Amino acid sequence: MQVYSLSAMAEPATPTAQPRRTQVQRSATTRAALLDAALECLVEFGYANTTTSRVAERAGLSRGAPLHHFQTRTALVAAAIEHYADRRGEELRGIVERMPEGRDRTGRSLDLLFELFCSPLFQGAVDLWAAARTDPELQASLAPLERRLARDTVVLYRLLFPAQADRQALMDLVLNAIRGVSLLDVVMPGTGATAKQWRTSRALLVGLLDAE
């Protein structure tokens, strides 16, 4: 039989102290807050108006925090897009794994790709590429990022359409068509042109992919 001490029962339990976060943990939290804030500012205000002070304010941090962690505004914005790509890539792979087989799988797969190109990641990147035309520093920062995003998109396409995984010309056609339609959001925002054009293009692409 277990015996309990009355004195022990009378004493309240001492709350367990929460361990203090390390400097590395605090730095990682700050960095993540800056990346999220930078992406929000890029989408909302555009690259030209995404200043380090604005990012710091959005993140609730000191004005010097962005440059302490990233040294330049260009490095901060490029890292923000890569951060979003990492997070979104994991989400999309999970969606692909759960996507049911069936008659409309092709159309749903195309919709997933279209959503990717209409995402804040792509829309923000378009603004960066436009600015990079006359900004050598930005061009240098975006080049490896562009290659990485292109690779990720190809991986996603091949997961969605394994039967056409080796059809390079077909893949290029599908991805370029989707990219082109998504750009209507940039040049004709709020007109409904993107949704209308996507309905037409989607039907054509479904017919093309299902015929292969």
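Conditions first: (1) under 24 Å from THR50 (Cβ atoms); (2) without any contact (Cβ under 8 Å) to a residue 12 or more places away in the chain; (3) touching a helix residue (DSSP H, G or I) at 6+ places or on another chain (Cβ under 6 Å). ALA140 passes all but one, so which condition is the exception?
(3)
Looking at region 131-147 only, could you name the residues that are assigned to a helix (DSSP H, G or I) and surrounded by 14 or more Cβ atoms within 10 Å (Cβ to Cβ)?
Selection gives ALA131, ALA132, LEU138, GLN139, SER141, LEU142, LEU145, GLU146.
Scan region 134-193 residue by residue and report those that are aromatic (Phe, Trp, Tyr) and under 21 Å from ASP86 (Cβ atoms).
Answer for region 134-193, where residues must be aromatic (Phe, Trp, Tyr) and under 21 Å from ASP86 (Cβ atoms): just TYR157.
Just a yes or no: is a residue in region 109-124 at positive phi and either surrounded by fewer than 17 Cβ atoms within 10 Å (Cβ to Cβ) or part of a helix (DSSP H, G or I) (or both)?
No, every residue in region 109-124 fails to be at positive phi and either surrounded by fewer than 17 Cβ atoms within 10 Å (Cβ to Cβ) or part of a helix (DSSP H, G or I) (or both).
Here are some residues: GLU90, GLU82, GLU101, GLU97. Which one is part of a loop (DSSP other than H, G, I, E, B), of a type in the set (Asp, Glu) and either at pLDDT below 90 or surrounded by fewer than 17 Cβ atoms within 10 Å (Cβ to Cβ) (or both)?
Residue meeting the stated conditions: GLU101.
Can you go through ARG73, ARG88 and tell me which one is of a type in the set (D, E, K, R), touching a helix residue (DSSP H, G or I) at 6+ places or on another chain (Cβ under 8 Å) and within 28 Å of ILE178 (Cα to Cα)?
ARG88
Of the conditions (1) of a type in the set (A, V, I, L, M, F, W, C); (2) without any contact (Cβ under 8 Å) to a residue 24 or more places away in the chain; (3) crowded, with 17+ Cβ neighbours inside 10 Å, LEU209 fails just one. Which one is it?
That leaves (2) as the condition not met.
Look at ARG73 and say whether it is at pLDDT below 85 and under 24 Å from LEU149 (Cβ atoms).
Spelling it out, it is not the case that ARG73 is at pLDDT below 85 and under 24 Å from LEU149 (Cβ atoms).
How about region 148-172: which of its residues are hydrophobic (A, V, I, L, M, F, W, C), within 19 Å of the chain's Cα centre (by Cα) and over 21 Å from ARG103 (Cα atoms)?
Matches in region 148-172: LEU149, ALA150, VAL154, VAL155.
The values are calculated or read from the model by the stated rules, or taken from the named source; none is laboratory data. From a predicted model like this one, the values you see are computed outputs, not experimental measurements. Methodologically, a virtual Cβ is constructed for each residue, glycine included, from the backbone with ideal geometry; neighbour enumeration extends over all protein chains shown.
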